[in-house]
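A short worksheet on the structure shown next.
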Amino acid sequence: MNMNSRSDRGGRWGWIGGFAGGTLWILPLAGLLFFKGDPLGGAVGLCLWAACFGLAIVLRPWRWPQTPISLLYLTVLLAVCGAALFFGLRYDLFRQAAGRPGWMYFLWMPACFIPVFTLGRKRWGDIHGGEAAS
């Protein structure tokens, strides 16, 4: 099967679009920090977004067809969770959570790891056939 065929476009769009959406929250947060007079927090936010989304681009599974997709996904996901944890700790969001323990806001994180387990050891080359394509 040709790696540039229409059949694998959905997987490519899903990977890029999923991580674009998954990291999108970092950009408005960085802008808000710049606007509120915290240029260091805003700059760190922009750098975190660039690192997370850049990692998703570099580790795209069709570029590494013999590496388990779950390993690539886990690496990028840990970077996104690290960004969430950074902002939570830096801005003391754990104590400022409106009447609830702040750590409860991070209960969504385990659900993000479900694809790591459902993908198992599947590789892009196993699913779509062929070798690498950029």
If you average 1/r over all unlike Cα pairs in region 6-126 and invert the result, what Kirkwood radius do you get in angstrom?
-> 15.7 Å
With Cβ to Cβ distances under 14 Å as the rule, what net charge do the other residues near Ile69 carry (K, R +1; D, E -1)?
-> +4
Nearest 0.05, what FRET efficiency do Lys122 and Arg90 give at R0 = 41 Å with Cβ-Cβ as r?
-> 0.65
Can you list residues whose amide H is under 5 Å from Arg123's amide H, if they're 5+ apart or on another chain and H is modeled 1.01 Å from N?
-> Ile69
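Bear in mind these aren't lab numbers, they're just calculated from the coordinates by the rules spelled out. Computed from a prediction, not measured in an experiment: that's the story for all the values here. Heads up, the Cβs are rebuilt from the backbone with ideal geometry, glycines too, and the neighbour counts pull from every protein chain shown.
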